[in-house]
1. Could you grab me the full set of residues in the range 20-31 that are exposed (fewer than 15 other Cβ atoms within 10 Å of the Cβ) and of a type outside the set (Val, Ile, Thr)?
2. So, in the range 453-465, exactly how many residues are within 21 Å of ALA488 (Cα to Cα) and not in a helix (DSSP H, G or I)?
3. Could you grab me the full set of residues in the range 487-512 that are over 18 Å from GLU369 (Cα atoms), among the aliphatic types (A, V, I, L, M) and either touching a helix residue (DSSP H, G or I) at 6+ places or on another chain (Cβ under 6 Å) or touching a residue at least 12 places away in the same chain (Cβ under 8 Å) (or both)?
4. Checking GLU461 against (1) surrounded by fewer than 18 Cβ atoms within 10 Å (Cβ to Cβ); (2) under 24 Å from ILE393 (Cα atoms), which single condition isn't satisfied?
5. Please go through the range 467-485 and give me each residue that is more than 43 Å from the chain's Cα centre (by Cα), of a type in the set (D, E, K, R) and in a loop (DSSP other than H, G, I, E, B), ordered by number.
6. Keeping to the range 315-343, report how many residues are closer than 30 Å to ILE257 by Cβ and out of contact with any Cys (no Cβ under 9 Å at 6 or more places or on another chain).
7. Name, by its number, the condition in (1) buried (at least 19 other Cβ atoms within 10 Å of the Cβ); (2) under 24 Å from VAL271 (Cβ atoms); (3) of a type outside the set (Val, Ile, Thr) that does not hold for SER363.
8. Being in contact with a helix residue (DSSP H, G or I) (Cβ under 8 Å, 6 or more places away or on another chain) and surrounded by fewer than 20 Cβ atoms within 10 Å (Cβ to Cβ) narrows it down to one residue among LYS284, LYS315, LYS306; which is it?
Amino acid sequence: MVLNILTLETMQHSLSALSEQLNTLQDNISQKENDLRILDEEKRHIPPESNTETAVLDLLTKQKDYRDLSREILNLKCHEANVEQQLSCLQEKLQGIDPDQLPLGIDLKDQQSLGPIPQTVTASRTIKLSSIFKPDKRPSSNKDVPLEDEAWYHGALPRQETEELLKQEGDFIVRFKTDASGQYVLSCRSADKQRHFPIVKQDDSTYRLEGGSFGSIQELVNHHMSTQTPVTKASNAMIRNPISKVKDEHDLRHEDILLDTKLGQGTFGDVHKATFKNKPVSVKKCKATVDAAMRRKFLSEAYILKNYNHPNIVKLIGVATDRHPIYIVMELVQGGDLLKLLRDDSKTLSVPERIKMSEDAASGMAYLEGKSCIHRDLAARNCLVGTKNILKISDFGMSREEEEYQIDTNNMRQIPIKWTAPEAMNYGRYTSLSDVWSYGVLLWEIFSIGSTPYLGMNNNEAREKIEGGYRMNQPPEYPDAVWEWIQACWRKEPEDRPNFSEIKTAMKKIHIIFK
């Protein structure tokens, strides 16, 4: 653009418009941040012990509103940064320009008849508008910028959660397929439908959808945003609004995690000792052969633990989903699992120590009960022992929030029969009170030195015995005060069993007596 009196006036109008737009954005952000603080305060004032349907529903609603509002604020701040950059660049270009020294406007259509524009004008008064007005949140064209640093790249995000993000026409993200195929996907909303387009990586390491090839995914996305070329001709889907990933302290990068020795193997993959920010941690890897459904279950443990903070619940450090294999990074509990400790002949636990472990387990489960979370697989093998024999409940792979639970009778064979309450075994009815039954079996394990429950019986035999009213005998060294509570945990009707808050209080009193 050749700068003259007319174009200067246009630029000044643009400057004013940008200033007004920035003020509006900042006011909007300030208001929404205030709303977010109010929401956070309201969440904190919901008593953690409340487990009524109304209280739980209120908490879940506020948590969803909080996430949506946080995402909205992040998008507004991205827009604010873009406008600030435009404003700063335009102010810099116009600084020190004297309107009296500029020529009158030249109609470019008449340029040929008027002759060439004088070099003295064009050399010092030319503004490159592409350096000022950039598409909002456009991907970086710099190949050195990692894809993982793009706000619209969401890593190994499951398809279902992707579709929850894409609400308006033109919304889009790029993600990594959860089937470990190593393929990137462009997901967008078009014609009121969620569409998912695989991005093909070619032999020459270029990327394409349907048209030309590009040296990076950023360039490919940038092209379709700036030119508004449909992603595919058949779909006519166009991408306009990149949805930024709402990052928190739990979002980690693979490059920051250094794997060390293998600690064990689980349903989803290997468990390793590792280092994160110079601190020892435990890492669960999701193996490539796991299907998408199992991969979602693997990630569900991390999503559950994100919201929990309790000394008797294993702590989540974060999740690395920027590429496969997915890592769940947990605190490293040095003592290993409780079952191995109980069976270790070289380590004899005193009765007070075992009661304290029972109290720890009840405390952790009471916390989960207050969060309306059902563990569904509480057992010695799924508890870890830390310093000073502090017990921490772990392995939330089978857990889910109570409101989201659905009965699945097709998977009954996967249930740990000898730890499962009758109503859960027979009808798939899981509640915190079915966890209470499992807690009773856990206590029996603690006081029987890690023996297998219903020893000598297979699952079918144990199930029939339980249905007939059989209950295991009191182990040696089992205090009568504790045995009364275990019998209460094994009552057939769930409503007749104590809840974890009651058990926690009782175990604390018993521990004081035996200490």
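1. Of everything in the range 20-31, those that are exposed (fewer than 15 other Cβ atoms within 10 Å of the Cβ) and of a type outside the set (Val, Ile, Thr) turn out to be GLU20, ASN23, ASP27, SER30, GLN31.
2. Result for the range 453-465: 2.
3. ILE510
4. Here GLU461 meets the rest and fails (2).
5. GLU477
6. 19
7. Tallying (1) buried (at least 19 other Cβ atoms within 10 Å of the Cβ); (2) under 24 Å from VAL271 (Cβ atoms); (3) of a type outside the set (Val, Ile, Thr), SER363 fails exactly one: (2).
8. LYS315 is the lone residue from the list that is in contact with a helix residue (DSSP H, G or I) (Cβ under 8 Å, 6 or more places away or on another chain) and surrounded by fewer than 20 Cβ atoms within 10 Å (Cβ to Cβ).
The values are calculated or read from the model by the stated rules, or taken from the named source; none is laboratory data. Everything numeric here is computed off the predicted structure, so don't read it as measured data. No Cβ is skipped: glycine too gets one built from the backbone with ideal geometry, and neighbour counts run over all protein chains shown.
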